[in-house]
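See structure below.
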Amino acid sequence: MTHTLASSYDPKQFETRLYDEWERSGVFKPSGKGEPYTILLPPPNVTGTLHMGHAFQHTLQDALVRYHRMRGFDALWQMGTDHAGIATEMVVARNLGRDGLTRDGLGRDGFIGKVWEWKQQSGDTIERQMRRLGTSGDWTRSVFTMDPMAADAVVEAFVRLHEQGLIYRGQRLVNWDPVLKTAISDLEVVNEEEDGFLWSISYPLSDGSGELVVATTRPETMLGDVAVMVHPQDERYTHLIGKTVALPLSDRQIPIIADDYVDREFGTGVVKVTPAHDFNDYLVGQPHALPMINIFTPDAITNENVPAKYRDLDRYVARKAVLADLEAQELLVETKPHKLQVPRGDRTGQVIEPYLTDQWFVKMDALAKRGL
């Protein structure tokens, strides 16, 4: 009898068959003997399919697990997939849109049901890919991060960290995506140069003795102004520090304060302060104990904190209304073209709104030292 060797390596002839035999035999499960050795797989997102980065890290983990398994360790490589909150939400919402459905229309439970449907489709594909790579994990223990066990573990860890003072809640200004209705990290914000305008607006002094002129690229946010600010050594304005101005289009009086932050050479040397809608203003407002007035809802619609005629308007509709009224009252001093760095969310492409909201934070002082 003669045998002809294949002219080239063809993994399809045996890899799948061998892997199926390995998995059926139970060799990927912990033996129950020896010193425990465990790796928790950083679970791939169920938003699509694996990429080269997954193949690389799975190879390293697989080598470690197989090595320890052969040395007699009680080895467990915990398999699983991750629900990847925002990314999965976007994919599922996009799929719903093709059927004329919306996330809000389905409601929370209905939408979560659709996420589970997507998990079955996408998650199964990812697990098949991991098997095809030869991943020697214990598939009998595979979990999804929305499974009850994983969810309970997250709550347990969260509560423990909170009790240790490592997780705390506070009101902070965050990058807010009004389409996703969630905070996003600095890494998810793309700043793009765009053509815009710089509007100069007159703020009359409350005693009628004159005016201060401020310039802004976002005139609608003046509805949330809590102060105007000058440099403490700017001789043009030192006599006004401590006085107030009448906030245009509003019945509020706001103080004139002084801070070194102001660049007295830029523009008129006077800036408006809106701590709830500008990151620099937020930082400046802290030492001056300025109030923070949020004028938007989570989807960037004006709320009850603005005068009645400007409520329930999209932020850009509110901008047009504010500019029209400023011009009608002869308070719009100048409009000129201006290059802007516009922050947009990398997922939705929407302009990001600095937004004041309650957020959970991790206290990194001690943890960072351990990491370093």
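Per Stokes-Einstein, at 37 °C and 0.692 mPa s, what whole-number D in µm² s⁻¹ belongs to the chain, with the Kirkwood radius over Cα pairs as the hydrodynamic radius?
Details: Rh = 25.6 Å.
Using the Kirkwood radius from Cα pairs, D works out to 128 µm²/s.
How large is the accessible surface per residue of the range 20-96, computed with a 1.4 Å probe and reported in Å² as a whole number?
That works out to 55 Å² for each residue.
Of all the accessible heavy-atom surface of the range 54-176, with the other protein chains kept in place and a 1.4 Å probe, what percent is carbon and sulfur?
Numbers: 3840 of 6900 Å².
Within the range 54-176, the accessible surface is 56 percent carbon and sulfur.
Find how much the distance from THR217 to TYR9 grows on full extension, using 0.36 nm per residue of separation minus their present alpha carbon separation; answer in nm with one decimal. The partial results should precede the final answer.
Working: separation 208, 0.36 × 208 = 74.88 nm, distance 6.38 nm.
Value of the extension gain: 68.5 nm.
Restricted to Cα positions, what overall size does the range 238-372 have along the principal axes? Three whole-Å values, descending.
Cα extents, longest axis first: 59, 41, 31 Å.
What distance in nm separates the two pseudo spin-label positions at TRP22 and GLU193, each 7 Å out from Cα along the beta-carbon direction?
Going by the 7 Å Cα→Cβ label model, 5.3 nm.
Using only alpha carbon positions, build the gyration tensor of the range 6-145, then give the equivalent ellipsoid semi-axes as the square roots of 5 times its eigenvalues, largest first, whole angstrom. Each step should come with its number before you reach the end.
Details: eigenvalues 227, 71, 30 Å².
With the √(5λ) rule applied to the range 6-145, the semi-axes are 34, 19, 12 Å.
Skipping prolines and chain starts, which residues have an amide H placed within reach, meaning under 5 Å, of the one on HIS338, given they are 5 or more residues away or on another chain?
Those lying under 5 Å, H to H, from HIS338 are GLY196, PHE197, LEU198.
With θ taken as phi - 60° and the coefficients 6.51, -1.76 and 1.60, list the Karplus ³J(HN,Hα) couplings across the range 355-372 in order, rounded to whole Hz; mark glycine and proline as x.
9, 8, 7, 6, 9, 8, 10, 9, 6, 9, 3, 6, 5, 5, 4, 5, x, 5
Nothing charged except the Cβ atoms of Lys and Arg (+1) and of Asp and Glu (-1): what's the magnitude of the dipole of the range 2-114 about its Cα centre? Round to the nearest 20 debye. If you can, show how the numbers build up before the last one.
On the way: 13 positive and 13 negative charges, 11 e Å.
About 60 debye.
Once Lys and Arg get +1 and Asp and Glu get -1 on their Cβ, which of LEU40, VAL27, VAL322 lies farthest toward the positive end of the dipole of the chain?
Positive-end residue among those listed: VAL27.
Treat every Asp and Glu Cβ in the range 55-104 as -1 and every Lys and Arg Cβ as +1, leave all other atoms uncharged, and give the resulting dipole magnitude about the Cα centre to the nearest 20 debye.
Dipole size: approximately 220 debye.
Looking at ILE86, SER142, TYR67, which one has the Cα that reaches farthest to the positive end of the dipole of the range 19-145 (charges on Cβ: Lys, Arg +1; Asp, Glu -1)?
Projecting each Cα onto the dipole axis, the largest value belongs to TYR67.
If each of ALA63 and LYS33 carries a label point 7 Å out from its Cα toward its Cβ, how far apart are those two points in nm?
Rounded to a tenth, the inter-label distance reads 2.8 nm.
Step through the residues of the range 250-260 one at a time and calculate ³J(HN,Hα) from phi using the Karplus curve (6.51 cos²θ - 1.76 cosθ + 1.60, θ = phi - 60°), rounding each to whole Hz and writing x for Gly and Pro.
Each residue of the range 250-260 in turn: 9, 9, 9, 9, 10, x, 9, 10, 10, 7, 4 Hz.
Please get the size of the charge dipole for the range 111-187, origin at its Cα centre, with Cβ charges of +1 on Lys and Arg and -1 on Asp and Glu, quoted in debye to the nearest 20. Present the calculation step by step, with values, prior to reporting the outcome.
Details: 10 positive and 10 negative charges, 31 e Å.
Once rounded to the nearest 20, the dipole reads 140 debye.
Based on the alpha-carbon gyration tensor of the range 305-344 and its eigenvalue square roots a ≥ b ≥ c, which shape applies: rounded if a/c is under 1.5, prolate if not and a/b is larger than b/c, or oblate? Walk me through the intermediate numbers first.
Working: a/c = 3.05, a/b = 1.15, b/c = 2.66.
Oblate shape, in that a/c is at least 1.5 and b/c is the bigger or equal ratio.
Would you please give the residues with an amide H less than 5 Å from that of ALA276, counting only those at least 5 places away or on a separate chain, with H modeled from the backbone geometry?
Those qualifying (amide H under 5 Å, at least 5 residues apart or on another chain) are ILE293.
For ASP263 and ARG98, what does the FRET efficiency come to when R0 = 41 Å and r is the distance between their Cβ atoms, rounded to the nearest 0.05?
Values: r = 50 Å, r/R0 = 1.22.
E between ASP263 and ARG98, to the nearest 0.05, is 0.25.
Could you tell me the largest-minus-smallest coordinate of the C-alpha atoms of the range 84-181 on each of the three principal axes, in descending order and whole angstroms?
Its Cα atoms span 46, 40, 23 Å along the three principal axes.
Once you wrap a convex hull around the alpha carbon atoms of the range 230-275, what is its projected area averaged over all directions, in nm²?
Result: a mean projected hull area of 3.5 nm².
Using θ = phi - 60° and the Karplus relation 6.51 cos²θ - 1.76 cosθ + 1.60, list the HN-Hα couplings for the range 216-233 in order, rounded to whole Hz, with x at every Gly or Pro.
8, 9, 9, x, 5, 6, 4, 5, x, 4, 10, 6, 10, 9, 10, 6, x, 10
Just check the range 1-59 against the gyration tensor rule for me: Cα atoms, a ≥ b ≥ c as the square roots of the eigenvalues, rounded for a/c under 1.5, and otherwise prolate or oblate depending on whether a/b exceeds b/c. Each step should come with its number before you reach the end.
Working: a/c = 2.85, a/b = 1.41, b/c = 2.03.
Oblate is the answer for the range 1-59, as a/c is 1.5 or above yet b/c matches or exceeds a/b.
The values are calculated or read from the model by the stated rules, or taken from the named source; none is laboratory data. Remember, it's a predicted structure, so these values are computed and weren't measured experimentally. Positions of Cβ are generated from backbone atoms using ideal geometry, with glycine treated the same way; all protein chains shown enter the neighbour counts. All accessible areas refer to the heavy atoms of the entire protein, side chains included, with ligands and DNA or RNA removed. Shrake-Rupley method; radii C 1.70, N 1.55, O 1.52, S 1.80 Å.
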